[in-house]
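Here's the structure we're looking at; comments come further down.
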2 protein chains.
Amino acid sequence: MTQAVRHDSMRARNLGVVLGEVRRSGPITRAALAEITGLTKTTVSKMVGDLIDAGMVTESGALRDGERGRPGTAVTLSGERVAALGLEINVDYLSACVVDLTLSVRLRYTQAVDNRTASPVETLAHLQKLFHKAVDEARSEGLSIAGSTLAVPGPVDGGRLHSAPNLGWHDVRVGELLNFPAAVDNEANLAALGELWFGSGPGDFLHVSGEIGIGAGLVVGGALFRGARGLAGELGHVIVSPEGPSCRCGGRGCLEQYAGQEALLRAAGLGGGPAGIPELLERLHAGETRALEACACAGQALGIALTSAIHLTDPGTIVLGGIFAPLFPWIRDPVHETMTARLAMMRHAVPELTVSRLGGDAATLGAAGQVIHRVIADPWTHVVTGRTGPGPR
Amino acid sequence: MTQAVRHDSMRARNLGVVLGEVRRSGPITRAALAEITGLTKTTVSKMVGDLIDAGMVTESGALRDGERGRPGTAVTLSGERVAALGLEINVDYLSACVVDLTLSVRLRYTQAVDNRTASPVETLAHLQKLFHKAVDEARSEGLSIAGSTLAVPGPVDGGRLHSAPNLGWHDVRVGELLNFPAAVDNEANLAALGELWFGSGPGDFLHVSGEIGIGAGLVVGGALFRGARGLAGELGHVIVSPEGPSCRCGGRGCLEQYAGQEALLRAAGLGGGPAGIPELLERLHAGETRALEACACAGQALGIALTSAIHLTDPGTIVLGGIFAPLFPWIRDPVHETMTARLAMMRHAVPELTVSRLGGDAATLGAAGQVIHRVIADPWTHVVTGRTGPGPR
DNA sequence: CCGATTTAATCCACTTTATGGACTTAATAT
DNA sequence: ATATTAAGTCCATAAAGTGGATTAAATCGG
């Protein structure tokens, strides 16, 4: 149910509207904010004052635009006080980053841990150390961490990680095992949000994260689509060919069996050993036929799965990330041709096919960005608790 | 951007919250409304008064629940004043229905028109007559039509119908051709909403409308998912087998080629003639092998497409409607078995598979229901303009 | 059968928040 | 130097919800 609005929540929401507009429109004067939001100059002035007190906004000098009349003083987001922490569990390392309100990355950490051999509890203990280190160091820079989110490589439903094949984890209640406050979410979802906020991401796109599994995050109207239980976006198990090779999910012919990291390396003649994507890239650059053909096949399969995804979810753009980012030059054409051929008559415009500009950090950034976005949408608590000293009696 | 809240919009929203709660919780006292919404009794009382004045709510007698203390007077939605009109263009007839605020169907119309031979303009002229007839007759019953929505059999993007194969329409700007005020939406989308509001529909489901084409409407959290351009839900073109028969969409192996009405009838040996679903049902009841096998094959194909859809969109339930409703006894098992086998390892619970309780009216009902839902979510304008006579000066 | 208790609904003084016009400030134009 | 224009602040007012007091209408207990 939509919640009822009272005086305090009216103010809370309007604060969010004003702060959101400051974020959206860069340096902007109070007068312009009033115009855009529809609030009066008085109201906006008061709110901007509160936001400045809370350290979320700063005056960034006079905005002289050549027009006559008194020039306005522009305000911008301030990265000096509020920050958020993004965490990620990868196969062989943990990573963390601290991002401030302006979405600038302030601190980054990685710590090598072989999470395939470690138990969930061990891994999470390592993660806790990383958490405290990051929080302490952020504090020493004057930043206060408004919240944190943890990215895990598999579908999450209410803090519970269903399965993470590349960690060997199955049905782990991560939320309950954490000894520090953090939200838990799927790496593919958060990578999509990372692309939205830190990449060139437009407002509507399907972000494909190719790893050992293949996940996807669907962003529509600037918000992530999660489905009924938060398990949406399992692109890796969309059926490419109903009688294809069987998959660990129980099905047959899933995309993962054609374009997952393992399948791809095997097709390129690199399976079975410790060989990885770097080797594949070398061979591609060397023009080795087997590697090129492996990419072409994977691209076609991806194109087929994406065609189904487009018909079902109608994304504006497709963004390829994860292992597909470095492979983009070799898979772009087969993916694009497959999609174009199969979508030809149904739509005026086939979704654009682009590549992620973010590296392996996409999920960590998205995790931190999610917290920042929540703060910007609802700065109320931070404004109130952010007051210095006891308020007027 | 989220809009700023001012005093009037605060009141508008709270009116919507109160009215929405009246709808949700049946006959309910003012005190209970206050408890649930978090507003004070004073505020709720004032709002209920306004809603009664506007004819949207009535007192429905004392609510004596055996407890001691003064019994409350319950209020319910009133179907006496506000209503909505749903319209639908089918292959060989037009239909309309008037639904009141309580979602009771008050008037129904159908008019035989062969829309395959008629041009869009001719069809819409017929529709206009139907519109006025419905509005006039509703008015004579004391109902005022708050709005209307038109269901068309194909994907719609901003009032523009991309293609409606069973009408032979292509790229028709329906919104601009209408000489009366109505929103235009895809029949599959509206059928899903019909199921949500008039059927047994739970809050999260994928509604499959099998017709000549196969569409789907995805409802998550009580809201329809439309994708970036409103073209989501084209289940009929999800790829079942990449090298399958070619489809009018330009692709190959689309679901429609296996489970669409034409493919199904052809497989059952009924193709080429005027034979239809009734004949197929006769043969199924007679136990004819060819018909049974056709259903089994269609069911398997549907199961494969739904498996992909489930991985991508994670619906809580699958509701089969359209031609799949009467065929349900014969396709249920193949669909269910295919889905279960292929989803086994990925989720604890495979989505439930149910059948639509609504007949061919689903879309018309959804169309009218959409208007009603908008009125309930935002009753403000109706409360203000609904006042009888000049207000107190 | 009557008073005590309990809950519903209304009344009224008050608080919170936004409004809108007046006022001050700081630029450009003439 | 003065007029004009726009930004930002001040202040009295309006709109809406709050919370406690009051009235109303039941059940419970003796």
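The values are calculated or read from the model by the stated rules, or taken from the named source; none is laboratory data. Quantities reported herein were computed from a predicted structural model and do not represent experimental measurements. Please note: Cβ atoms are built from the backbone with ideal geometry, for glycine as well, and neighbour counts cover all protein chains shown. The protein model used for the area step is the full one, side chains on, heavy atoms only, and it has no ligands, DNA or RNA in it. Shrake-Rupley method; radii C 1.70, N 1.55, O 1.52, S 1.80 Å.
Only residues that are in a helix (DSSP H, G or I) and touching a Leu at 6+ places or on another chain (Cβ under 6 Å) were counted across the range B:308-321, and they come to 3.
Within the set B:LEU161, B:LEU150, B:LEU130, the sole residue that is free of Cβ contacts under 8 Å to residues at least 60 places away in the same chain, in contact with a strand residue (DSSP E or B) (Cβ under 6 Å, 6 or more places away or on another chain) and not in a helix (DSSP H, G or I) turns out to be B:LEU161. Considering the range B:35-51, the residues that are near DNA strand C (Cβ under 8 Å from one of its atoms) and either among the small types (Gly, Ala, Ser) or not in a helix (DSSP H, G or I) (or both) include one that is nearest to B:GLY72 (Cα to Cα), namely B:SER45. For the range A:52-67, filtering for residues that are touching a residue at least 40 places away in the same chain (Cβ under 8 Å) and either open to solvent by 60 Å² or more (accessible area, probe 1.4 Å) or within 11 Å of DNA strand C (Cβ to nearest atom) (or both) leaves 1.
Taking (1) away from DNA strand C (no atom under 11 Å from the Cβ); (2) touching a strand residue (DSSP E or B) at 6+ places or on another chain (Cβ under 8 Å) in turn, B:ALA31 satisfies each apart from (1). When you scan the range B:68-83, do you find a residue that is open to solvent by less than 10 Å² (accessible area, probe 1.4 Å), under 26 Å from B:PHE225 (Cα atoms) and touching a residue at least 24 places away in the same chain (Cβ under 8 Å), even just one? Yes, some residue in the range B:68-83 is open to solvent by less than 10 Å² (accessible area, probe 1.4 Å), under 26 Å from B:PHE225 (Cα atoms) and touching a residue at least 24 places away in the same chain (Cβ under 8 Å). Within the range B:10-28, being at pLDDT 95 or above, open to solvent by less than 70 Å² (accessible area, probe 1.4 Å) and either among the hydroxyl-bearing types (Ser, Thr, Tyr) or away from DNA strand C (no atom under 11 Å from the Cβ) (or both) holds for B:ARG11, B:ALA12, B:ASN14, B:LEU15, B:GLY16, B:VAL17, B:VAL18, B:LEU19, B:GLY20, B:GLU21, B:VAL22. Would you confirm whether any residue within the range A:280-303 is outside any loop (DSSP other than H, G, I, E, B), crowded, with 22+ Cβ neighbours inside 10 Å and within 11 Å of chain B (Cβ to nearest Cβ)? Yes; the residues of the range A:280-303 include at least one that is outside any loop (DSSP other than H, G, I, E, B), crowded, with 22+ Cβ neighbours inside 10 Å and within 11 Å of chain B (Cβ to nearest Cβ). If the condition is being in contact with an Asp or Glu (Cβ under 9 Å, 6 or more places away or on another chain) and among the charged types (D, E, K, R), then the range A:12-40 contributes only A:ARG13. If the condition is being closer than 20 Å to A:ALA362 by Cβ, modelled with pLDDT under 95 and within 13 Å of chain B (Cβ to nearest Cβ), then the range A:318-347 contributes no residue at all.
Does B:ARG106 satisfy the criteria of being away from DNA strand C (no atom under 16 Å from the Cβ), in a strand (DSSP E or B) and open to solvent by 60 Å² or more (accessible area, probe 1.4 Å)?
yes
Residue-level check: of (1) open to solvent by less than 20 Å² (accessible area, probe 1.4 Å); (2) within 14 Å of chain A (Cβ to nearest Cβ), B:GLN257 misses just (1).
Within the range A:1-20, residues that are touching a residue at least 40 places away in the same chain (Cβ under 8 Å) sit with their Cβ atoms under 6 Å from residues that are more than 13 Å from DNA strand C (Cβ to nearest atom) and of a type outside the set (Gly, Ala, Ser), at 6+ positions apart or across chains, in these pairs: A:GLY16/A:ASP378; A:LEU19/A:ILE376; A:GLY20/A:ILE376. Annotation: B:GLY79 fulfils all but one of (1) away from DNA strand C (no atom under 16 Å from the Cβ); (2) touching a Pro at 6+ places or on another chain (Cβ under 9 Å); the unmet one is (2). Taken across the range A:25-40, residues that are in contact (Cβ under 8 Å) with a residue 40 or more places away in the chain and more than 12 Å from DNA strand D (Cβ to nearest atom) do occur, with at least one present.
For the range B:1-34, a residue qualifies if it is facing another protein chain (nearest Cβ under 8 Å) and outside any helix (DSSP H, G or I), and the qualifying residues are B:MET1, B:THR2, B:GLN3, B:ALA4, B:VAL5, B:ARG6. Which of the residues that make up the range A:218-243 are in contact with a helix residue (DSSP H, G or I) (Cβ under 6 Å, 6 or more places away or on another chain), touching a residue at least 12 places away in the same chain (Cβ under 8 Å) and surrounded by fewer than 24 Cβ atoms within 10 Å (Cβ to Cβ)? Correct list: A:LEU224 only.
Could you please find all residues in the range B:173-184 being open to solvent by 10 Å² or more (accessible area, probe 1.4 Å) and more than 14 Å from every other protein chain (Cβ to nearest Cβ)?
B:GLY175, B:GLU176, B:LEU177, B:LEU178, B:ASN179, B:PHE180, B:PRO181, B:ALA182, B:ALA183, B:VAL184
Here B:ASN90 meets each of (1) over 30 Å from A:GLU21 (Cα atoms); (2) within 16 Å of DNA strand D (Cβ to nearest atom); (3) touching a residue at least 60 places away in the same chain (Cβ under 8 Å); (4) open to solvent by 10 Å² or more (accessible area, probe 1.4 Å) with one exception, condition (2). Looking across B:LEU270, B:LEU206, B:LEU193, one residue alone is within 12 Å of another protein chain (Cβ to nearest Cβ) and buried (at least 20 other Cβ atoms within 10 Å of the Cβ). It is B:LEU206. A:GLY250 - would you say it is at the interface with chain B (Cβ under 8 Å from one of its Cβ atoms), part of a loop (DSSP other than H, G, I, E, B) and buried (at least 21 other Cβ atoms within 10 Å of the Cβ)? When the stated conditions are applied, A:GLY250 does not pass them.
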